[in-house]
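What follows is one structure encoded as structure tokens, with my remarks underneath.
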Amino acid sequence: MKKTIKLAFLLLAILACLNSADFIMGATLNYGDAEMINKEIKDINNDIQDNKSQINKIQELQKKYSDEIKKKQSEKVSLNNQLSIMDNRLAKSELDIELVETEIERTKLEIKKTDIEIESKSEEIETEKTHIANIIRLMHKSDRVSTLEILLLNDSLSDFLTQVKYLEDMNESVSDGLDILEKLKRQLESEKRGLDSQNKELAKLRDDLINKKKQLESEKESKALVLTQVKSSEQEYQRLLAQAKKEQEEVAAEIASMEKLVRAKIAKLQGNDKLEFNDNGFIWPVPKNVVTAYFHDPDYPFRNIFEHPAIDIRAAQGSTLKAAASGYVARIKTGGATGYGYIMLIHGDGLSTVYGHVSKIYVAEDEYVVQGQAIGLSGGLPGTPGAGPLTTGPHLHFEVRLNGIPVDPLSYLP
């Protein structure tokens, strides 16, 4: 009699579980928690949209300043024009900083939203695991009851078949629960990958912000240095401009001529032994840093006077310059107290490199240098040896040439 009562209670427990919505449909958060989470995510989404709107406004202003820079560059070269270009570049740099700061805030909101979703999914998974465990425990108990015992507990064959159907439903509930659990697990893994990507983006944006702030300071210094050099005199500005243009043309012609002469000289000396290029390619001539002006940069301050055939790399005055690749020193020029100083190296595969605004030179012409060897010191500070006229502050002017023609150095640097 006691065994019969025990079996009856077991079957009633099974029926109760199978009639429970939580067992059949899977685990869900309670209504109050779900509402709170949904509201929090909705608020975050609204903040993200506000940030995106702010980003669009900043980008519109950036375009306005870029258009103004292009307009001024196309006008007659004058001191006022040059200062106007610099003012617009300053304003654009400030907007660049504001844009990155806004993007950082947006990314933080995205991370916060993902954190909430991950926490919610983790809770759902734990609840679902608990429900499946309860079902499995009941199934384990039901396995101890024989078919004959279930049949004896029921008054009719119809009741017996109903109980059998409930046991089949229990098996189906476990299967459904496992499917839900697998789906939640995949969603959680996807959201964790997304979070990792967002954190990497945030770190990149923070680095970008530091660089943008440095760029702003560089723009301010450039304007101050130009004003110092020209002493607010249009006549002095035009004189220095003419000097800079003449010097650039002379250097370009000299580099092209020297490359041909030196390559012919090397070929004669080496005979069939071809000058080999480094197996590992180029290295950065100064520690990898912010590029302040790009190859053929449309925003280059003096683009309306001459094209920029290089990249300008931020480098403190007197930084050690290293040979980007092994090769021969084709030309060195100190530039004297006010002129432009540079070093030119010839490498294999038709490549050559030029290092401009050099304040000190450690090598001699026709000398062979190995990759990474110190060849001089960087410069660019107005009024210092090798800086040249109208320089915009300490940096390295770095050129890469292929068969004598300037190419984008960033296509060759690691």
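We did not get these values from a lab; they are worked out from the coordinates using the rules stated. In this text the structure is predicted, and so the values were computed from the model without any measurement. Counting neighbours? That spans all protein chains shown, and the Cβs are built from the backbone with ideal geometry, glycine included.
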- [ ] Specify which residue in the list Y355, P382, S411 is farthest towards the positive end of the charge dipole of the range 347-414, using unit charges on the beta carbon of Lys, Arg (+1) and Asp, Glu (-1), about the Cα centre.
- [x] P382
Task: Contour excess over end-to-end distance, with Cα ends at N134 and H296 and 0.36 nm allotted per residue - done: 51.3 nm
TODO: Just tell me which lysines come within less than 16 Å, Cα to Cα, of K265; anything on the same chain fewer than 8 places away is out.
DONE: K274
Task: Within the range 210-290, GluC sites (Glu not before Pro) in DSSP loop having at most 16 other beta-carbon neighbours inside 10 Å - done: E276
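In terms of the ratio Rg/(2.2 N^0.38 Å) built on C-alpha atoms, what value belongs to the range 233-411? Let's see the in-between values first.
Details: Rg = 15.8 Å, N = 179, 2.2 N^0.38 = 15.8 Å.
That works out to 1.00 for the range 233-411.
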Task: Hydrodynamic radius of the range 318-414 per Kirkwood, over alpha carbon pairs, in Å - done: 13.2 Å
Task: Cross-link reach list, lysines versus K360, counting only Cα pairs under 25 Å and skipping chain neighbours closer than eight places - done: K245, K246, K288, K322, K333
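How long is the gain from Q371 to K63 if the chain were fully straight, where each residue apart is worth 0.36 nm and the alpha carbon distance is subtracted?
Values: separation 308, 0.36 × 308 = 110.88 nm, distance 4.15 nm.
Length gained, Q371 through K63: 106.7 nm.
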Task: Under 16 Å from the Cα of K42 - lysines, other chains or at least 8 residues apart - done: K52, K108, K112, K113
Task: Relative packing of peptides 315-321, 382-388 - highest average C-beta neighbours within 10 Å first - done: 382-388, 315-321
Task: Spin-label proximity, K288 to the range 371-413 - amide N less than 16 Å from point 7 Å beyond Cα toward beta carbon - done: 409-413
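Multiply the residue gap between E35 and R206 by 0.36 nm, knock off their C-alpha separation, and tell me the result in nm, one decimal place. Let's see the in-between values first.
On the way: separation 171, 0.36 × 171 = 61.56 nm, distance 3.41 nm.
Between E35 and R206, full extension yields an extra 58.1 nm.
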Task: 5 angstrom amide H check on F282, placed H, neighbours 5+ away - done: none
